[in-house]
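For reference, the structure is listed below as structure tokens.
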Amino acid sequence: MSSTTDNTTTDDDATDARPRELLQAANVKKHFPLNEGLIDRLLGDDRVVRAVDGVDLTVHAGETVGIVGESGSGKSTLGRTLSRLYEPTDGSVVFDGQHIETHSGRELRPIRRRIQYVFQDPMSALNPRKTVGQSVARPLEVHDIASGDEKWKRVADLFEEVGLGPSQLDAYPHELSGGQRQRVGLCRALVTEPDLVVFDEPVSALDVTLQAQILNLINRLQREFDLSYLLISHNLNVVRQVCDRIAVMYAGEIVERGATADIFENPQHPYTRSLLDAIPQIDGDGTRADRKGLDGEPPSATNPPSGCRFHPRCPEFIDGSCPGQKPSLQDVEGDAGHEAACHWLDRSEAERAAHTPPSTTEREVIRSESADD
Amino acid sequence: MSLLDVENLRVTFPVDGGPDVRAVDGVDIAVEPGEIHGLVGESGSGKSVTARSVMRLLDGAVVEADRFDYRGEDLYAKSEAEMRTIRGDDIGMVFQDSMSALNPVMTVGEQIAEVVRHHGDVDESAGLLSELRRKYVTGTSETAPSWRRAVELLETVGIADPADVATTYPHQLSGGQRQRVMIAQALGGDPSLIIADEPTTALDVTVEAGILDELRRLCDEMDVSILLITHDLGVVAETCDSVTVMYSGSVMERASTEQLFQHPAHPYTKGLLRSVPEGGATDGELTTIPGSAPEPTERPDGCPFRDRCPAAFEACADPLPEHVVDAGHATRCHLYTERDDPGEVAWDADADIDAGVTAVTDDSGEPSPTEVTDG
Amino acid sequence: MGADYGGYGSDDTTRLFGVRLDRFDRLRETLTGDYKATFGLTTVILFVLAAIFAPELAPFDPMAQEYAIMQAPSLSSAHPFGTDSFGRDLLSRMMYGARISLGVSLVAVTIGAVVGIGLGLVAGYFGGVVDDALMRFVDVLWAFPWLLIAIMLVAVFGQGVWNVIAAIAFAYIDDFARLARGEVLSIREEEFVLAAKNIGLSDTRIMIEEVLPNAVAPLIVQFTVLVARAMLAESTLSFLGIGVKPTTPTWGALLGQGRSLIGQAWWISIIPGIAIVVTVLGINLFGDALRDAFDVRGEEGSP
């Protein structure tokens, strides 16, 4: 399983040759019906929760792409849709040159082997009635990779690789500590030798000293097993630590994406800036950093705001174009592969600083006026 | 005089057919009037047990202390009836999970008004019959003083449209709003101390900032002390005046926030500060503390941290010492009492422990590789 | 097996409901260590043995009549439990009656459990329209009075053991279906179900391998409760005269028969009554022990 660099790719957001695209998503949508029942359907209730609403994303071989956003931004749903735990409502998902968006059952099995998912809460993600050894060994049986002694040898080797002892093969999940359980989760994901691993908040359930251990382990395993990662997190520090590129999600859409350094040093979208401002700082100079929060609440996914979905909370709300038109992702000058979806990308720092955003009621007035036009 | 002054607190949970579990083993806590005191530690460090012992809410646990004074009076000498008055009236509580801590079938205004009436500042009966009438039949009248006070409190904690929000049910509010409602409820009894147990852990960072600001403002403006329990050093840095760092049932270090972040003394504190992923170069290895915290039943003698400490030496098996680093800054580490120069801890030098190895060191309770640094 | 990692992790240990069979050590411990469980198990075993070996053990033919009718129970006489209004030995009739009473209730509840759990599992796992359709069907079953079904079956097919079993099984499908569905609804939200999907297991395999074992504890309890209720139901049917053939001894029939004579001969109704109560109690205690023993998380201390 070697990841030979394919120099013939023509990725438009790259200036130099990049490795081949492992996963490409185009206009992926995932909508959940609000009411699934027979009677609601008969009554014509077809409201949907637009968890993911038109996302383009590419993961190249060997890289780590981060997805960040608040809870309810649709980042976990996106991860699950891309790894085909959910079926996309619309859009295309291409994995290693193969369209997988409409695959089902048997067709998906070879794909399942190559895309693995690591869950946030390892306690919930491991069957409490199976020993962790069984849980890790099961994929080997399902995919006819190994059985009997060979199977257990592989599992034991992998356990050793992530720092677990052979005696823990026969433990039940509740008998292990949180850090150990997450290591088991990593084992289960790696045992089929996948190409892409999707991490859903891999460390947020862990104590801070264990977080660092697991993040280091995740980094080391990527080098050793030649893996590509898609990492979902609300924690910008975690994403910054392990990701090559970052996509920022808000209300089911990507509002900004680019190389990690560009996002952190040159954030363009007001939402990204708000997220960065909200990171707690430990600078230790004794003065409390004045951390800015964000007013308001994430919008309803059933009935998202018009135009730019961030406009009701945006600290840089300008005029009727914000609620009136949906901004599309546009290149940020000077940064390769850096895009943001905002009508007002080219304003200077000084302009921003001088801007006083309108109040909620004023916004409402502007919105209805722009809708009338 | 400290508002809350606890010395040598020991909390033991008896276990049927097993060794007793000592969750808290000799903890000193002092909260001064008008300050936010942080109680930091990983899960299992005993920080929540310590906080609950203040409320006397530990069923089945044996609580012992050399001193357990609240406003100079021994809390554990009080009767259960007196304790009921203190809980809610004198000491308010804010929980992590606002969804389960609020009653789902009562409006939030009703829940706050109930606390206000119970506290007795308003001229309304809080007897069983009148409470039952309010809950099942009429609800609190919107002109009643207790309801007006509830709306006032909601406004105090930064809720826009407090009169409307008071008539909503908890599930209709967002996580941040519910957390504010809980703070308002804790304020309902006009307390002098609020115990906040991981109040922002379940919230998004963007919302967390607002809640922490609110706590800070209440403390500054309303003369309330807050005991803030958290695992997040970022929250401490931003909100607290002073901090107690706990590890596996013991206090490791106590300092003002400034002292702690600028001159951490205990190797554990130093390690904790270094494990926080804080940006900088990507693909760099994070410094880690090898292994994981011991189970209460498997704690080593002496310093509970010594199996994970890179600077551990023979004296660490002795009982924990107390060393005053500076005014208001104390640590419990043998490096300071046994050695003339404590030296630097290995992970501060960022070299001596191979991060690749430590990253995979067991958390199985087996002894981890430790190194002794000479002074 | 020649593995070199300390003997841990192998397929050798057999499993039941996904639980290692050495868990039966725990079952044994529970059953011998806890007097309630010991009592439950002993009772159940004694009654089952008495039923199985009734032809060998019973001192008299349950149909044989004597002239001395309604003899009071006395340990010194030939009829320790006394005789009934036809002078038949009550002990023998009780032993033969156990065959019907225990057999009918166990078989009926097992059938109800298999069908009901199947329905509930599928409904809860797939949710949505499938759930709606299946559960409305279960609602219909529930709304249908089981006594009416019993009467209908007897009217069409005549009296017989299988009609009684069918009527009782029918009545319990909805209990199992609802309980199983409720359990499955919460279990399917656990991420390990998604994780199983992620490793490529089919829906059927996930339901049977991952979901069902986690729902088994309350279902065991439900099973034992319903076995007890089925015994009473069988008694009711016999009492009403639509149970098994009137001459066949069952506990319920004995109870009903003795009712009119309670003034003259209390033992004819009281002794079967006591037998029912003790069995029901025994099965419930046994069920509790079974549930505890199967709970892998039930070990001392929380994680």
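No lab work stands behind these numbers, since they all come straight from the coordinates. Since this is a predicted model, take the numbers as computed values, not measurements. No Cβ is skipped: glycine too gets one built from the backbone with ideal geometry, and neighbour counts run over all protein chains shown.
Rounded to the nearest 0.05, what FRET efficiency do C:Leu185 and B:Asn103 give with R0 = 30 Å and r taken as the Cβ-Cβ distance? Could you check?
0.80
With label points built 7 Å along Cα→Cβ from the Cα atoms of B:Asp123 and A:Asp56, find their separation and express it in nm.
7.1
Quick one: Debye curve from the alpha-carbon atoms of segment C:123-202 only, equal weights, vacuum; give me log10 I(q)/I(0) at q = 0.22 Å⁻¹ to two decimals.
Values returned for q = 0.22 Å⁻¹ are -0.96.
Report, by chain and number, residues whose modeled amide H sits under 5 Å from the one on A:Thr64, excluding near sequence neighbours (fewer than 5 apart, same chain).
A:Tyr229, A:Asp244, A:Arg245
Among A:Leu230, A:Leu190, A:Gln241, whose Cα lies farthest out toward the positive end of the dipole of segment A:21-243, if unit charges sit on the beta carbon of Lys, Arg (+1) and Asp, Glu (-1)?
Value computed over the given set: A:Leu190.
7 Å from Cα along Cα→Cβ at both C:Ala143 and B:Val137: what's the point-to-point distance in nm?
3.7
Quick check: residue separation of A:Ala336 and A:Glu141 times 0.36 nm, minus the Cα distance between them. What number comes out in nm?
Full extension of this stretch gives 65.8 nm more.
Which residue, chosen from B:Val54, C:Ile168, B:Ile36, occupies the Cα position most advanced towards the positive end of the dipole of the protein assembly as shown, where the dipole is computed from +1 (Lys, Arg) and -1 (Asp, Glu) charges on Cβ about the Cα centre?
Checking the options against the dipole of the protein assembly as shown, the answer is C:Ile168.
Place a +1 charge on the Cβ of each Lys and Arg in segment C:22-137 and a -1 charge on the Cβ of each Asp and Glu, then give the dipole magnitude about the Cα centre in debye, rounded to the nearest 20.
Working: 8 positive and 11 negative charges, 23 e Å.
About 100 debye.
Using only the Cα atoms of chain A, construct the convex hull and provide its projected area averaged over every direction, in square nanometres to one decimal. Numbers along the way, then the final one.
Working: hull surface 90.7 nm².
Convex hull of Cα atoms, orientation-averaged projection: 22.7 nm².
Looking at this model, which pairs from A:Lys326/C:Lys197; A:Lys29/A:Lys130; A:Lys29/A:Lys326 are more than 28 angstrom apart at the alpha-carbon?
Exceeds cut-off: A:Lys326/C:Lys197; A:Lys29/A:Lys130.
Report the Rg/Rh value for chain B, based on alpha-carbon coordinates and the Kirkwood definition of Rh.
So for chain B, dividing Rg by the Kirkwood Rh gives 1.02.
Residue-wise, which Karplus ³J(HN,Hα) couplings in Hz belong to segment A:300-311, taking 6.51 cos²θ - 1.76 cosθ + 1.60, θ = phi - 60°, and x for glycine or proline?
5, 7, 7, 9, x, x, 6, x, 6, 5, 8, 4
Can you compute 3J(HN,Hα) from phi for each residue in segment C:243-250, using the Karplus curve 6.51 cos²θ - 1.76 cosθ + 1.60 with θ = phi - 60°, rounded to whole Hz and x for Gly and Pro?
Those phi angles translate into x, 5, 3, x, 6, 5, x, 9 Hz.
Using Cβ contacts closer than 10 Å as the measure, can you line up B:Ile29, C:Ile45 from fewest to most?
Neighbour counts put them in this order, fewest first: C:Ile45, B:Ile29.
Exceeding 27 Å between C-alpha atoms, which entries from my cross-link table qualify? They are A:Lys75/B:Lys270; B:Lys47/B:Lys270; C:Lys36/C:Lys245.
In this structure, A:Lys75/B:Lys270; C:Lys36/C:Lys245 lie more than 27 Å apart at Cα.
Residue farthest toward the positive end of the dipole of chain A, with Cβ of Lys/Arg at +1 and Asp/Glu at -1: which of A:Ser204, A:Ala261, A:Leu78?
A:Ser204
Which loop-located chymotrypsin sites (Phe, Trp or Tyr not before Pro) does segment A:90-161 contain, where loop means any DSSP state but H, G, I, E or B and the Cβ has at most 15 other Cβ atoms within 10 Å?
When the chymotrypsin sites (Phe, Trp or Tyr not before Pro) of segment A:90-161 are filtered for loop state and at most 15 Cβ neighbours within 10 Å, nothing remains.
For a quick size check, give me the Cα extents of the protein assembly as shown along its three principal axes, largest first, whole Å.
114, 75, 73
What FRET efficiency would be calculated for the residue pair A:Gln98, A:Ala353, taking the C-beta separation as r and a Förster radius of 45 Å, to the nearest 0.05?
0.35
Rounded to two decimal places and with Rh computed the Kirkwood way over Cα pairs, what is Rg over Rh for segment A:21-243?
Result: Rg/Rh = 0.98.
Would you calculate the separation in nanometres between label points at B:Thr85 and B:Asn8, each defined as 7 Å from the Cα along the Cα-to-beta-carbon direction?
3.1
B:Arg71 to B:Ala315: extension gain in nm, 0.36 nm per residue of separation minus the Cα-Cα distance?
Working: separation 244, 0.36 × 244 = 87.84 nm, distance 3.77 nm.
Difference between extended and current length: 84.1 nm.
Calculate, in nm to one decimal, what B:Val15 and B:Asp161 gain on full extension: separation in residues at 0.36 nm each, minus their alpha carbon distance.
Full extension of this stretch gives 47.6 nm more.
Segment B:186-321: D in µm²/s via Stokes-Einstein (Kirkwood Rh, Cα pairs, 25 °C, 0.890 mPa s)?
The estimated diffusion coefficient comes to 144 µm²/s.
5 Å is the cut-off here: which amide hydrogens, built 1.01 Å from N in the peptide plane, fall below it relative to B:Asp318, excluding neighbours closer than 5 in sequence?
Amide H to amide H, under 5 Å and 5 or more residues apart or across chains, B:Asp318 pairs with B:Cys303.
Explain nothing, just compute: Karplus ³J(HN,Hα) = 6.51 cos²θ - 1.76 cosθ + 1.60, θ = phi - 60°, for every residue of segment A:99-111 in order, whole Hz, x for Gly and Pro.
The phi angles translate into 6, 10, 5, 10, 4, 8, x, 4, 4, 7, 4, x, 6 Hz.
What is the average number of partner chain Cβ atoms found within 10 Å of a Cβ in C:198-209? Working shown, then result.
Values: counts 16, 17, 13, 6, 4, 1, 0, 2, 0, 0, 0, 4.
Going residue by residue through C:198-209 and averaging, the value is 5.
Long-range amide H contacts for B:Leu227: which residues qualify at under 5 Å (H placed 1.01 Å from N, peptide plane, sequence gap of 5 or more or a different chain)?
Amide H neighbours of B:Leu227, under 5 Å, 5+ apart: B:His37, B:Ile194, B:Ile195, B:Ala196.
DSSP loop chymotrypsin sites (Phe, Trp or Tyr not before Pro) in segment C:37-111 with at most 14 other Cβ atoms within 10 Å of their Cβ, which ones?
Numbers: sites: C:Phe39, C:Phe47, C:Phe53, C:Phe60, C:Tyr67, C:Phe81, C:Phe86, C:Tyr96; in loops: C:Phe53, C:Phe60, C:Tyr67, C:Phe81, C:Phe86.
Passing sites in segment C:37-111 are C:Phe53, C:Tyr67, C:Phe86.
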